[in-house]
Amino acid sequence: MGFERDDLYGGDPPQYPDGVDPHPDPIDPYTPTPTYDVDRWEEKNQRVELGGDAEYDEDTEKMLWALRHFDLRIAPDCDEIDDWDALDRRTQRMYRAGVLKEFVGGYRELQEILEKGGPVAREAGFTPGDGTHYSTLSTAISEFDADFLSEAAEYSHNAALYALTPQGSSFDRAPTYPSKPRAYYRETDEDWTVSIDRKMSEASRVVAEYMALAAPSLRFDRDRLSPNYQYSIGDIYRLLAHLAIEQCAAKNGAELLAWQSDRDTPSSSTLFEYIPNAGTDGNYEVEDIEAKFINATCRLLERETLAPSEPIHLAYDLTTVGWYGKENRWVTGSINDDNTTEFWHYAVLSTVSPGRNYILGATPLKERSEKGEALDRMLQQLRENADPEFGRIYMDSQLFEADIVTTCREHGLNWMIQAPDKGMYTELAENASSEEPTKQEDITFTDFDASHRTFNAIIWPIPDKEVGQEETTPATDLTRYHDRTETSTGISSSETGPDSNAQSRLDRHGNLPPVAETTDAGSGESDAHTIWITDMDVGERDLEGLGYQYRHRWKIETAIRQLKHTFQGQCRSSDRLRRAVYFGAAQLFFNFWVALNHELPYRLGDPSNFRLTGLETLHALREADFEAGKQGNNIFI
């Protein structure tokens, strides 16, 4: 099944985010239905013929097509005009004149065109004696919203270009609020850019549609009799987005949002009422909150065009958030040489697909033994909600553990894990060729009771000019133990401590210590090679290609930085459920950001060098009309 819905259209032709096929197929026999009312077109065409044998000069034709689009699409569909057909004839023609005035520049120029009584005047609905003096026009048009007329003229002008551009989509396929067609920019050799206002307006509209998809998955058992129940899920996440923008805590952030906003906004107490408290009658646990945000992500990725192509490659990692509050059993102190800072720990699972590197799951951990359990739980939730086809999973050395490897195998995931810089791996690097990737097969796990006791290694020479460093997780009691006695083959049998049994024992780097005999493969420097350990058949694989593909794991490092520093407001609570919701909201906002950067360029006509920042995404969320988003979603069309 996967995230994408193959049965969405039931045999109907595909739909596109902006209503326009960006790559029309010349041999496709399907003729799409016009986006406007055909009867309206015929009625207008009896007055002024368009698209037929009648010939007009370039400026006249552009104005005619623009007015036709306003009459057929914008006027009947816009919020500014409640009922276009119910308006009297004079008001309708003055609206058209207001749009036309944006084209010609001023009221005297408008008067000159309308007094001629030519095709433009007829298209606008004017006949001799209808009052075309500039003062009459100014008085009538000034009663309308100037911003609406300006935007309507811009969209109408863009629609006219669909008719006047020989190649590309036709006028009858232009959406209500089109950008210039991409074919226009190909013909004129211009770069398509958009204004910040246009970008943010469209981002707010689309992100409201995203929230309409996600909101049903994010409901908790709130008291329906409470006065705070008046606020929607969208209102709650508007406040959380605001906290991330301002990088502040809930109380100050809620007060600032209420002061800035012209709408009723939730208070901090409303936010905390929305989030279950640990130990209350609701019986929510971290796992329940984790599942809600995974489900919300799956619902988002059902939206057409957003899901990554399958098989989906993954990355899994741990991260920390500093803690300076009161003692908490979910908080772990660091090793002494890390300034004794304490941390909340989170496990994060992401895709690494270019352009679609979504965070699939993010959850707090309290015990070292939960790393594998959390991964298994996230993968199981994804299978229950979407059942995508997974490919490989990339991890760094702290996750080379028995339970992690077992979980990957149980879910049919091929794994690649960074080898630790120690022991036999250093020997492999020192003896590796400095020119070509090499391999080592059938390395045996130590103390690993599993059906597959061996793995392989890829020894990859690091290119001289390679850049990019991984962000490392601080070493804490959760991620490693210290004061251990090492032997040449791993951990001494006298070691004690949590999880020190033979099945899951770790060395001081958090890795399962393997034992293998290595052969001399040449000479090389240990700092000039990277080694990955994997369960894939390296004898049949392109080793260089796998090495480059593993580099996609760095996407999760970038995603984690965004989660912590861009998309999450200050959470000063020691309540584990509250912290899970804050981090889950950051996951949701991050995924909205990734989706917007994929979808918006198509909606905006593929502008050159388009980029929406994380902060702009949060602003779009804060300004979004979530009620309108319920009506605009294209998941089932």
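The values are calculated or read from the model by the stated rules, or taken from the named source; none is laboratory data. Computed from a predicted structure; not experimentally measured. Cβ atoms come from the backbone with ideal geometry, glycine included; neighbour counts cover every protein chain shown.
For region 52-82, which positions are surrounded by fewer than 17 Cβ atoms within 10 Å (Cβ to Cβ) and either within 18 Å of Gly125 (Cα to Cα) or of a type in the set (Ser, Thr, Tyr) (or both)?
Keep residues of region 52-82 that are surrounded by fewer than 17 Cβ atoms within 10 Å (Cβ to Cβ), which gives 52-55, 57-60, 76-77, 79-80, 82.
Listed by number, the residues that qualify are Thr60, Pro76.
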Across region 123-135, what is the number of residues that are exposed (fewer than 15 other Cβ atoms within 10 Å of the Cβ) and either touching a Phe, Trp or Tyr at 6+ places or on another chain (Cβ under 6 Å) or assigned to a helix (DSSP H, G or I) (or both)?
1
Pull up region 160-189, narrow it to residues that are within 29 Å of the chain's Cα centre (by Cα) and hydrophobic (A, V, I, L, M, F, W, C), then point me to the one that is modelled with the lowest pLDDT.
Ala183
Which is at pLDDT 85 or above, in contact with a Cys (Cβ under 9 Å, 6 or more places away or on another chain) and closer than 19 Å to Thr176 by Cβ, of Trp41, Trp84?
Trp84
Does Ser232 count as at pLDDT 90 or above and within 18 Å of Ala620 (Cβ to Cβ)?
no
Region 246-264, subset outside any helix (DSSP H, G or I) and over 25 Å from the mean Cα position of the chain (by Cα), residue surrounded by the fewest Cβ atoms within 10 Å (Cβ to Cβ):
Asp262
